[in-house]
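Enquirer: Shown below is the structure under consideration.
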Amino acid sequence: MSKKQKVSVIGLGYVGLPLALRAAERGYEVVGYDPDRDKVASINEGQSPFEDDFVSELLPKYPIKASEKEDVLRESDIVLICVPTPVDEMQNPIYDYVVSAAAAAARNLRSGALVVLESTVNPGVSEEIVLPIFEKKGLQVGRDFFLAHCPERINPGDPKWNVGNIPRVVGAFTEEGASRAVKFYRSIVDAPIKAMKSIREAEAVKVVENSFRDINIAFVNELAQSFDRLGIDIVDVIDGAATKPFAFLPHYPSCGVGGHCIPVDPYYLIEYAKKAGFDHRFMRAAR
Ligand SMILES: NC(=O)c1ccc[n+]([C@@H]2O[C@H](COP(=O)([O-])OP(=O)(O)OC[C@H]3O[C@@H](n4cnc5c(N)ncnc54)[C@H](O)[C@@H]3O)[C@@H](O)[C@H]2O)c1
């Protein structure tokens, strides 16, 4: 790299902070913007704000500049949005964090920059929510900036899979946006980067992955309850089924899904499809 490219990360949580450090490790100048003052202070002191071996190892070696002020985003070549996408008590997606992060990116955008949404979203969010925020400022995608989506797949605490070795998919609005995004991810990830047909397909990948997991876990947990009454050992059955070398993926019974993602992400698709008149009955039943 001749002149160091500047990468900004919006949202320095479980997704954003490892990503920022990986980019720093790969030679980018990296800054992070997060309104959480304590988190910012901890990062600037070289202390991980949460337990994460990957972060604790890289932070002292590759210090990044964190700030709770959005002007740190100025002059960035690449802006990565890694903010929360939760649901409310009625299971409706909350897009507020994505909206405010995109607005901050738009206010501080350098001409020609690449903006990538990494947060988990339903298909349509980049086009219907994120893009208009930039357009309202008179910024045209493909001319003034590039917009892509690369859903994050990190599994915090995983000793094997991390931001540097998990394959990624990328979708963008224009060909140049896609090729810039693929080039960036190839520079920080030592694994295949697949360019999707469009940004909507890239958005759908992540919701499908997590819904697939949700449905399979619900299925095996239902089997566990039924087999308990029938006097059948579910683990022995799954082990048996897993000897089939194709078309079976073993899942084992557990207390059910937890965490931030699997119980939440299916609702992003369920609610979005509802607006188009489609009822994801199967996905709802798994919840
Ligand atoms: N944690 C995971 O295992 C995981 C894995 C894959 C994908 N994801 C997805 O990645 C996204 C981020 O998840 P996370 O786990 O890193 O969340 P997190 O809560 O750990 O971190 C998000 C950070 O964003 C900050 N933030 C909120 N609003 C902001 C704004 N407007 N501008 C700047 N910063 C802002 C918060 O202060 C917080 O530090 C979500 O969409 C999530 O579904 C998470």
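The values are calculated or read from the model by the stated rules, or taken from the named source; none is laboratory data. Here the structure is a predicted model, which means the values were calculated and not measured. Positions of Cβ are backbone-derived with ideal geometry, glycine not excepted, and every protein chain shown enters the neighbour counts.
Enquirer: Exactly one of these conditions fails for ALA191: (1) among the hydrophobic types (A, V, I, L, M, F, W, C); (2) outside the structural domain of VAL79 (by TED's automatic domain parsing); (3) in a loop (DSSP other than H, G, I, E, B). Give me its number.
Expert: If we test ALA191 against (1) among the hydrophobic types (A, V, I, L, M, F, W, C); (2) outside the structural domain of VAL79 (by TED's automatic domain parsing); (3) in a loop (DSSP other than H, G, I, E, B), just (2) comes out false.
Enquirer: OK, next. I'd like to verify a number: residues in region 167-177 that are out of contact with any Ser or Thr (no Cβ under 9 Å at 6 or more places or on another chain) and either crowded, with 17+ Cβ neighbours inside 10 Å or hydroxyl-bearing (Ser, Thr, Tyr) (or both), how many?
Expert: Qualifying residue count, region 167-177: 5.
Enquirer: Mind telling me which of the residues LEU17, LEU80, LEU59 ends up being under 16 Å from the mean Cα position of the chain (by Cα), surrounded by 21 or more Cβ atoms within 10 Å (Cβ to Cβ) and farther than 29 Å from ARG143 by Cα?
Expert: Among LEU17, LEU80, LEU59, only LEU17 is under 16 Å from the mean Cα position of the chain (by Cα), surrounded by 21 or more Cβ atoms within 10 Å (Cβ to Cβ) and farther than 29 Å from ARG143 by Cα.
Enquirer: Just to be sure, is ILE188 over 15 Å from the mean Cα position of the chain (by Cα) and either at positive phi or within 15 Å of the ligand (Cβ to nearest atom) (or both)?
Expert: no
Enquirer: Just wondering, is there one or more residues in region 200-210 that are away from the ligand (no atom under 16 Å from the Cβ) and within 17 Å of the chain's Cα centre (by Cα)?
Expert: Scanning region 200-210 turns up at least one residue that is away from the ligand (no atom under 16 Å from the Cβ) and within 17 Å of the chain's Cα centre (by Cα).
Enquirer: I've got another one for you. If I filter region 47-64 for residues that are touching a residue at least 12 places away in the same chain (Cβ under 8 Å), closer than 20 Å to LEU114 by Cα and hydrophobic (A, V, I, L, M, F, W, C), do I get at least one hit?
Expert: Yes, the conditions are met somewhere in region 47-64.
Enquirer: From the residues in region 22-48 that are assigned to a loop (DSSP other than H, G, I, E, B) and farther than 23 Å from ALA104 by Cα, which one is farthest from the ligand (Cβ to nearest atom)?
Expert: Residues of region 22-48 that are assigned to a loop (DSSP other than H, G, I, E, B), as a first pass: 26-28, 34-36, 45-48.
Now narrow it down to the ones that are farther than 23 Å from ALA104 by Cα: 26-27, 45-48.
Details: ARG26: 20, GLY27: 23, GLU45: 16, GLY46: 17, GLN47: 15, SER48: 12 Å.
Within region 22-48, the match that is farthest from the ligand (Cβ to nearest atom) is GLY27.
Enquirer: Tell me which residues, restricted to region 196-228, are among the aromatic types (Phe, Trp, Tyr) and closer than 30 Å to ALA148 by Cα.
Expert: Of everything in region 196-228, just one residue is among the aromatic types (Phe, Trp, Tyr) and closer than 30 Å to ALA148 by Cα, namely PHE212.
Enquirer: Turning to a different aspect of this structure: Across region 131-159, what is the total count of residues that are closer than 25 Å to VAL189 by Cα, more than 12 Å from the ligand (Cβ to nearest atom) and modelled with pLDDT of 95 or more?
Expert: 5
Enquirer: Starting from region 5-18, take each residue that is within 15 Å of LEU59 (Cα to Cα) and list its partners that are near the ligand (Cβ under 9 Å from one of its atoms) and of a type in the set (Asp, Glu), counting only C-beta distances under 7 angstrom and pairs at least six apart or across chains.
Expert: Qualifying pairs under 7 Å: LEU12/ASP34; VAL15/GLU118; VAL15/GLU152.
Here is a yes/no grid of residues against (1) β-branched (Val, Ile, Thr); (2) within 14 Å of the ligand (Cβ to nearest atom); (3) at pLDDT 95 or above; (4) buried (at least 21 other Cβ atoms within 10 Å of the Cβ):
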position	(1), (2), (3), (4)
SER67	no, yes, yes, no
ASN108	no, yes, yes, no
THR120	yes, yes, yes, yes
GLU127	no, no, yes, no
